[in-house]
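Notes follow the structure.
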Amino acid sequence: MEEQSLAIDAEKGVVLATGGFAANIDMVMQYNTRWEGLSPDIKTTNCAGTTGDGIIMAQNVGAVLEMMDDIMLFPNADPISASTENTVGNDGDAMYVNKEGVRFVNETLDR
């Protein structure tokens, strides 16, 4: 197959939607500004393929990255199977509370 190239001239910018990077712990740790005390063993419910490859490729050709601290994490899930059964239950009727026993999130909202 012959390699092809395409040049795009944009006057006001281009939005490139490449997918996320929440399954790439190095990128999560690099761009995190919101999750205090985040450790390298954090998990996500994103699929295991959300490793930021498209973001890295775009950055390598000069793309400017914005809002990289908007990382969707769900620390009680398995990033390979996306299972939350150990903490949420099969029907998702669990409540999340902090160490003081105070509920801190509406568990029924879309993640």
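The values are calculated or read from the model by the stated rules, or taken from the named source; none is laboratory data. This structure is a prediction, so every number in the text was calculated from the model and none was measured. In this analysis, Cβ positions are derived from the backbone assuming ideal geometry, glycine residues included, and neighbour counts consider all displayed protein chains. Accessible surface areas use protein heavy atoms only, side chains included; no ligands, DNA or RNA. Shrake-Rupley method; radii C 1.70, N 1.55, O 1.52, S 1.80 Å.
Quick notes on this one:
- Ala82 vs. criteria surrounded by fewer than 16 Cβ atoms within 10 Å (Cβ to Cβ), at pLDDT below 75, touching a Cys at 6+ places or on another chain (Cβ under 8 Å) and of a type in the set (Gly, Ala, Ser): yes
- Near pairs, Cβ below 7 angstrom, 6+ apart or cross-chain, from the stretch 36-54 (within 12 Å of Ile25 (Cβ to Cβ) and open to solvent by 30 Å² or more (accessible area, probe 1.4 Å)) to any residue that is among the acidic types (Asp, Glu) and outside any loop (DSSP other than H, G, I, E, B): none
- Within the stretch 2-26, residues that are farther than 15 Å from Gly49 by Cβ and part of a loop (DSSP other than H, G, I, E, B) reach partners that are among the aliphatic types (A, V, I, L, M) and open to solvent by less than 100 Å² (accessible area, probe 1.4 Å) with beta carbons closer than 6 Å, at six or more positions or on different chains, in the pairs Leu16/Ala58.
- Of all residues making up the stretch 44-79, the number that are hydrophobic (A, V, I, L, M, F, W, C), within 30 Å of Tyr96 (Cα to Cα), modelled with pLDDT of 85 or more and touching a helix residue (DSSP H, G or I) at 6+ places or on another chain (Cβ under 9 Å): 1
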